[in-house]
1. Please work out if Ser78 is at negative phi, out of contact with any Lys or Arg (no Cβ under 7 Å at 6 or more places or on another chain) and of a type in the set (Gly, Ala, Ser).
2. If Pro72 satisfies all but one of (1) surrounded by 17 or more Cβ atoms within 10 Å (Cβ to Cβ); (2) in contact with a Lys or Arg (Cβ under 7 Å, 6 or more places away or on another chain), what's the number of the condition it fails?
3. Does any residue of region 132-139 turn out to be closer than 30 Å to His236 by Cα, in contact with a helix residue (DSSP H, G or I) (Cβ under 7 Å, 6 or more places away or on another chain) and open to solvent by less than 70 Å² (accessible area, probe 1.4 Å)?
4. Of all the residues that make up region 43-68, how many are open to solvent by 50 Å² or more (accessible area, probe 1.4 Å) and assigned to a loop (DSSP other than H, G, I, E, B)?
5. Considering only residues that are of a type outside the set (A, V, I, L, M, F, W, C) and under 15 Å from Val50 (Cβ atoms), look in region 95-118 and name the one that is most open to solvent (accessible area, probe 1.4 Å).
6. What are the residues in region 83-106 that are out of contact with any strand residue (DSSP E or B) (no Cβ under 9 Å at 6 or more places or on another chain) and either under 19 Å from Ala34 (Cα atoms) or aliphatic (A, V, I, L, M) (or both), if any?
7. With the checklist (1) touching a residue at least 12 places away in the same chain (Cβ under 8 Å); (2) open to solvent by 40 Å² or more (accessible area, probe 1.4 Å); (3) more than 26 Å from the chain's Cα centre (by Cα) in hand, flag the one item Ser123 doesn't pass.
Amino acid sequence: MWRGLWTLAAQAARGPRRLCTRRSSGAAAPGSGATIFALSSGQGRCGIAVIRTSGPSSGHALRILTAAGDLPPARHASLRLLSDPRSGEPLDRALVLWFPGPRSFTGEDCVEFHVHGGPAVVSGVLQALGSVPGLRPAEAGEFTRRAFANGKLNLTEVEGLADLIHAETEAQRRQALRQLDGELGHLCRGWAETLTKALAHVEAYIDFGEDDNLEEGVLEQADIEVRALEVALGAHLRDARRGQRLRSGAHVVVTGPPNAGKSSLVNLLSRKPVSIVSPEPGTTRDVLETPVDLAGFPVLLSDTAGLREGVGPVEQEGVRRARESCNFLATVVASVGARSPSDSSQRLLLVLNKSDLLSPEGPGPRPDLPPHLLLSCLTGEGLDGLLEALRKELAAVCGDPSTGSPLLTRARHQHHLQGCLDALSHYKPSKDLALAAEALRVARGHLTRLTGGGGTEEILDIIFRDFCVGK
């Protein structure tokens with residue numbers, strides 16, 4: 001048991017990243033000894049296209065395509081003439097960069113070919129690489145998977161990279177960049193080190209509880225640190241849904257009576273004609289939805305039927321769907337001319353449209369009205385104030401990615417933190433030290449798996465399949 005104590009202490013000193021790397025060594029894609037290549041920039045005509053390779057034959061491929069005996073200086077752009085190794089025909093004059101491993105994105109020898117972005121040039125270079133022995137086309141996400149297998153990225157950083165590639169709004173970009181920079185992984189590593197230290201103390205007490213050389217208060221100190229960790233985990237779990245909303249998007253439902261200007265507001269916020277605008281009441285008879293970037297946040301914006309008793313079955317169905325949207329879709333409700341819904345989980349912005357019809361003196365005091373915003377969809381007056389109010393509401397719902405602790409953006413993160421917290425609920429050293437030690441081991445295992453250690457192949461496949469080929 002004393003040897004186990006020293007092993008745990010050594011793991012804590014090295015940090016979970018190295019531990020994760022060792023456990024994840026079998027997570028590389030099939031055929032990881034081969035050299036892979038792919039177009040890593042976007043498809044279609046462009047000024048510059050980037051083709052990359054990764055693997056032990058990368059340097060050999062660079063020599064063959066450039067007909068050069070020596071490799072260019074590492075990590076310096078060099079202008080080279082690329083030729084087809086089968087025919088010797090020139091393909092393009094390109095910039096090449098040589099990244100010898102392990103100082104590369106994947107940790108392996110890598111080459112980047114920055115060629116002109118015409119389809120014929122890209123196709124010619126890809127075919128030339130395919131003719132080099134030992135090279136094969138990369139699978140989706142295989143470059144990033146090799147970076148993970150070689151300890152260049154942990155699993156939360158991989159997920160941050162995927163989110164950064166798919167980010168469509170400013171808030172999503174900020175959150176993804178923080179995760180790619182390792183903030184969530186660093187937080188989990190700190191928690192894991194706390195549990196490792198507590199486990200070492202508990203096991204030392206089990207083995208040497210009567211030893212005079214053991215410091216006093218060892219168990220008490222471990223208990224203090226574990227309870228503080230429980231508080232931190234609970235705070236993050238209570239906030240877990242905000243990060244997921246930021247990644248997948250919130251809902252904003254515009255609802256209110258007919259002819260209040262709901263469709264005009266939706267068109268104004270989305271900056272395109274999503275809904276038909278007409279003086280005739282009941283123009284919108286269904287829930288019309290459009291994804292928008294609203295104040296930097298990803299939002300599904302919904303236009304709904306006017307809340308009235310419809311004159312026909314079609315309009316009545318539209319009203320029913322509008323009410324359902326307010327009940328289970330809305331996270332933020334921009335309500336035009338309507339009072340706050342009874343659902344306490346909703347957030348309401350009461351917007352009074354058609355302010356251009358008011359007298360110059362304004363609407364006058366109305367003590368019976370809740371806090372509200374004045375807007376004219378016709379002139380645009382009041383739009384800036386509405387956007388700022390929406391931004392604040394969305395930040396409250398999705399979290400502010402530029403401040404505070406890193407958000408949990410995936411259900412997987414929440415699952416492992418909840419598993420860690422559940423395990424710590426069985427940590428009762430005053431009753432049974434052996435069971436308390438096992439609770440710490442289980443809790444620590446959840447944190448390790450969150451960053452990639454001990455993950456199953458099926459989970460890794462799900463994560464990496466979202467990457468495009470060449471990443």
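1. Yes; evaluated as a whole, the condition is true for this residue.
2. Only one criterion in (1) surrounded by 17 or more Cβ atoms within 10 Å (Cβ to Cβ); (2) in contact with a Lys or Arg (Cβ under 7 Å, 6 or more places away or on another chain) is unmet by Pro72, namely (2).
3. For region 132-139, residues closer than 30 Å to His236 by Cα, in contact with a helix residue (DSSP H, G or I) (Cβ under 7 Å, 6 or more places away or on another chain) and open to solvent by less than 70 Å² (accessible area, probe 1.4 Å): absent.
4. Of the residues in region 43-68, 6 are open to solvent by 50 Å² or more (accessible area, probe 1.4 Å) and assigned to a loop (DSSP other than H, G, I, E, B).
5. The extreme case among them is His116.
6. The one that is out of contact with any strand residue (DSSP E or B) (no Cβ under 9 Å at 6 or more places or on another chain) and either under 19 Å from Ala34 (Cα atoms) or aliphatic (A, V, I, L, M) (or both): Pro102.
7. (1)
To keep it simple, each residue is scored yes or no on (1) charged (D, E, K, R); (2) surrounded by fewer than 16 Cβ atoms within 10 Å (Cβ to Cβ).
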| residue | (1), (2) |
| --- | --- |
| Pro371 | no, yes |
| Leu375 | no, no |
| Thr379 | no, yes |
| Glu388 | yes, yes |
| Lys392 | yes, yes |
| Pro406 | no, no |
| Ala411 | no, yes |
| His415 | no, yes |
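The values are calculated or read from the model by the stated rules, or taken from the named source; none is laboratory data. Keep in mind that what you see is a predicted model, and the values were worked out from it rather than measured. Cβ sites come from the backbone with ideal geometry, for glycine too, and all protein chains shown count toward neighbours. What goes into the accessible areas is simple: the full protein's heavy atoms, side chains included, and nothing from ligands, DNA or RNA. Shrake-Rupley method; radii C 1.70, N 1.55, O 1.52, S 1.80 Å.
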